[in-house]
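What follows draws every value from the coordinates through simple rules; no lab data is involved. Owing to the predicted nature of the structure, the values given are computational and were not obtained by experimental measurement. Heads up, the Cβs are rebuilt from the backbone with ideal geometry, glycines too, and the neighbour counts pull from every protein chain shown.
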Amino acid sequence: MKRRDLLKLSALTGLAAISTQASAEACSTDGTPNQFIPKKAADAKPLENEFEKYPKCPYCGMDRKEHHRARMLVQYSDDLNDGVCSIHCLSLSLGVNIDREPKNIWGPDYGSTIEPRPLVPVDQMTYLIGADLKHAMTKRSKHSFASTDVAKEFQAKHGGTLAKFDDACASPISTWQLTPA
């Protein structure tokens with residue numbers, strides 16, 4: 001056998017092994033790769049000792065306690081939870097776990113002076129999008145406030161637009177610079 005043919009055969013064997021391993025890693029019930037399924041056991045009380053239970057973001061590895069002003073927590077209907085560092089990684093969690101129904105989603109009250117910022121259900125919050133505030137994992141800042149009045153005070157000082165959670169998750173195409181292919 002020629003050396004070139006041997007190299008081709010070796011490469012094809014390697015690709016077949018990788019393909020077999022990737023399909024074996026898929027969850028047998030929903031097709032989601034195991035690497036994205038929340039790793040912790042089901043927990044009906046995810047807010048209790050959340051930093052001990054979810055110290056690092058499973059998607060980017062950021063320390064959630066260090067980035068407590070941006071962290072988020074999602075509890076799915078099967079009581080699996082994902083503690084993430086930001087709204088960006090929350091979107092990743094919701095996307096790769098699309099077959100799971102979110103039961104609760106909490107975000108930080110950026111307007112609070114308590115350290116670490118308390119988590120509040122996102123449907124009760126007002127978001128300030130595009131302000132000149134420090135942000136994490138996103139091109140445009142997105143900060144959540146439990147009080148609409150406090151959000152308006154921050155808006156007066158730092159600019160941006162007020163919105164609800166769904167608007168904060170969806171970034172308009174016009175805000176991103178698209179580069180032609």
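What is the one condition in (1) without any contact (Cβ under 8 Å) to a residue 40 or more places away in the chain; (2) under 17 Å from the mean Cα position of the chain (by Cα) that Leu162 does not satisfy?
All conditions are met except number (2).
A quick yes/no check of all residues on (1) in contact with a Lys or Arg (Cβ under 8 Å, 6 or more places away or on another chain); (2) touching a residue at least 40 places away in the same chain (Cβ under 8 Å); (3) farther than 25 Å from Gly159 by Cβ:
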{"residue": "Tyr76", "(1), (2), (3)": "yes, no, yes"}
{"residue": "Val84", "(1), (2), (3)": "yes, no, yes"}
{"residue": "Asn97", "(1), (2), (3)": "no, yes, yes"}
{"residue": "Pro102", "(1), (2), (3)": "no, no, yes"}
